Structures are given as structure tokens and as C-alpha cells.
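Single-structure report; data block below.
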Amino acid sequence: MKQTGKTLQSASNSYSYKPVSDAFFHGPTLSLARNLLGCLLVKETEEGIASGFIVETEAYRGPLDRAAHSYNNRRTKRTEVMFAEPGRVYTYLMHTHCLVNVVSGEEGLPEAVLIRAVEPYDGIDLMMERRGEMPMKNLTSGPGKLTKALGIHMIDYGRRFDEPPLFIAHGFTPEKIAVGPRIGIPNSGEAKDYPWRFWVEGNPYVSR
DNA sequence: CGGACGATTCTCT
DNA sequence: GAGAATCGTCCGG
């Protein structure tokens with residue numbers, strides 16, 4: 001199913017960090033979830049820069065989506081940023097892990113895209129320091145793993161994704177995108193079957 | 001103020 | 001595959 005394809009990095013030689021413009025974040029959430037694949041997720045800290053190509057995303061669609069934190073327009077301290085304009089950072093804590101989302105949907109429509117996996121690109125040594133020595137394929141192949149590797153924390157909540165220190169940069173268009181149901185939401189009724197998970201087919205860093 | 005609950009990960013078996 | 005770890009958020013009392 002996976003673990004067999006070539007990496008994105010091997011498809012070309014060099015990338016520059018060109019943050020996307022604000023316009024990138026406007027439009028349907030399912031489109032944004034697809035468009036984020038192949039983009040770079042970049043985090044700058046005092047320790048240095050770390051980045052990776054986004055290879056897996058999930059869409060969470062506000063009021064209608066029982067699996068979304070903002071289901072039924074539930075507005076709390078945690079979900080507040082989901083109601084803001086698209087392109088903001090929505091971080092939240094899951095057990096002991098921080099998960100990162102790109103806010104989508106125009107102001108007042110609380111949708112978001114969860115970044116579930118990246119392929120390490122820049123700062124791999126730094127990522128290893130943060131995660132501990134381990135096989136490359138385990139470094140960033142999950143939503144909690146990648147935030148730790150890149151140094152993304154709750155301090156990033158509410159920031160914008162089109163400027164440092166945490167931003168999305170242009171990468172390239174993946175060859176083939178696979179689609180399926182989202183992961184880890186068994187108690188969300190029908191919503192658990194919605195095909196709102198997207199990943200780069202064959203990429204070894206996809207979470208599963 | 002207490003209790004239930006995860007958009008997870010890691011460690012076994 | 002199953003089970004534990006582990007803690008902020010949210011909601012009810």
C-alpha cells in the first residue's frame with residue numbers, strides 16, 4: 001500500500017522557501033487539503049530551521065462535521081481561531097502531543113486542515129535531536145511526531161501560515177493523490193466514513 | 001471542582 | 001493488535 005514509492009525529495013534537487021500568499025488559503029477546504037500536499041511546512045526557531053514536505057492531510061469541516069471540534073459551531077477557547085479568516089494556525093493538545101491545523105473557510109466558517117505527516121527536508125539533525133535517534137521513516141510520519149520534530153507548539157496558536165516563523169512554502173505538485181476516510185475518529189457516526197483524508201500515494205512517510 | 005474524553009504514540013505480545 | 005501513558009479542555013454540579 002505504501003512504503004514502496006520514491007520520496008518527494010528525490011524528485012528534484014533544490015527548493016527555496018517562498019511562503020505562499022494569503023490567496024492560497026481561500027477556497028473550499030477539501031481543495032486546500034489537496035493543495036497542501038507537496039508544499040513545505042517550515043518552522044524557524046533559535047535552534048535553526050526545520051522543514052518537510054506535506055504528504056498527508058485531513059479536512060475538518062465545521063458545523064456539519066461531527067468529527068470536527070467546531071461541530072455544530074461549538075465555539076470555545078480552543079476552537080476560537082477556527083472561526084477566524086483562513087491561513088491561521090490552529091494548534092491543540094492531544095494527550096501529550098501537539099497537533100497542527102491550517103484554518104480554512106472564510107471568517108465565521110470554522111473549518112481546518114490537519115497536517116498528518118511530512119517528509120523530512122531541512123534540519124534533519126535538529127529533528128533527530130528533538131525526537132531522539134530513530135529510523136528516518138518514524139521521524140515525522142504522524143501528526144504528533146511531526147510537530148515535535150519541527151518544534152511546533154501551542155505558542156504557535158493563532159499565528160499566520162504565510163510568514164515566519166511557521167509557514168507554508170511552495171513545493172511542487174504530487175504525481176498522484178490518494179483519498180480515503182479519516183483516521184482516529186471512530187465515534188463520529190457517519191462522519192467517520194467521509195473520504196476527507198488525502199495523501200501522496202506511495203510516499204513512505206504517510207502515517208499508515 | 002471533579003470526571004470523562006480524546007484528530008496519538010510507544011511498547012509490548 | 002491491544003493497552004497504557006498522561007493531561008488540557010470542556011461541561012455538569
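The values are calculated or read from the model by the stated rules, or taken from the named source; none is laboratory data. Because the structure is a prediction, the values reported are computed rather than measured. Cβ atoms come from the backbone with ideal geometry, glycine included; neighbour counts cover every protein chain shown.
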Check your understanding: Among the residues of region A:32-40, is any assigned to a loop (DSSP other than H, G, I, E, B), modelled with pLDDT of 95 or more and not aliphatic (A, V, I, L, M)?
Key -> yes
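Which of the residues belonging to region A:41-65 are within 18 Å of the chain's Cα centre (by Cα) and acidic (Asp, Glu)?
A:Glu44, A:Glu56, A:Glu58
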Check your understanding: Does region A:175-194 contain at least one residue that is surrounded by 16 or more Cβ atoms within 10 Å (Cβ to Cβ), free of Cβ contacts under 8 Å to residues at least 40 places away in the same chain and not in a loop (DSSP other than H, G, I, E, B)?
Key -> yes
Point to revise | Where a residue in region A:10-22 is part of a helix (DSSP H, G or I) and its partner, wherever it lies, is of a type outside the set (Phe, Trp, Tyr) and at pLDDT 50 or above, with Cβ under 7 Å and at least six apart | key: A:Asp22/A:Gly87; A:Asp22/A:Asp162
**Study point:** Considering residues of region A:143-157 that are surrounded by fewer than 21 Cβ atoms within 10 Å (Cβ to Cβ) and in a loop (DSSP other than H, G, I, E, B) only, the residue nearest to DNA strand C (Cβ to nearest atom)
**Key:** A:Tyr157
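Being more than 21 Å from A:Phe25 (Cβ to Cβ), out of contact with any Cys (no Cβ under 9 Å at 6 or more places or on another chain) and among the β-branched types (Val, Ile, Thr): is that true of A:Ile177 here?
Details: more than 21 Å from A:Phe25 (Cβ to Cβ): no; out of contact with any Cys (no Cβ under 9 Å at 6 or more places or on another chain): yes; among the β-branched types (Val, Ile, Thr): yes.
So A:Ile177 does not fit the description; no.
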Review point. Limited to region A:73-101, what total is found for residues that are closer than 25 Å to A:Ser16 by Cα and more than 10 Å from DNA strand B (Cβ to nearest atom)?
Key: 4
Revision key, fill the gap. Here the residues within region A:98-122 that are out of contact with any Leu (no Cβ under 8 Å at 6 or more places or on another chain) and among the small types (Gly, Ala, Ser) are A:Gly105, A:Gly108, A:Ala112
Check your understanding: Which pairs do you get when a residue that is on the phi < 0 side of the Ramachandran plot, found in region A:73-86, comes within reach of a residue that is among the hydroxyl-bearing types (Ser, Thr, Tyr) and more than 6 Å from DNA strand C (Cβ to nearest atom), reach meaning Cβ atoms under 7 angstrom, with the pair 6+ apart or on two chains?
Key -> A:Arg78/A:Tyr92; A:Thr79/A:Ser70; A:Val81/A:Tyr90; A:Val81/A:Tyr157; A:Met82/A:Ser70; A:Met82/A:Tyr90; A:Pro86/A:Ser104
Review point. If a residue has to be within 12 Å of DNA strand C (Cβ to nearest atom), more than 12 Å from A:Pro110 (Cβ to Cβ) and surrounded by fewer than 16 Cβ atoms within 10 Å (Cβ to Cβ) to count, how many in region A:44-91 make the cut?
Key: 1
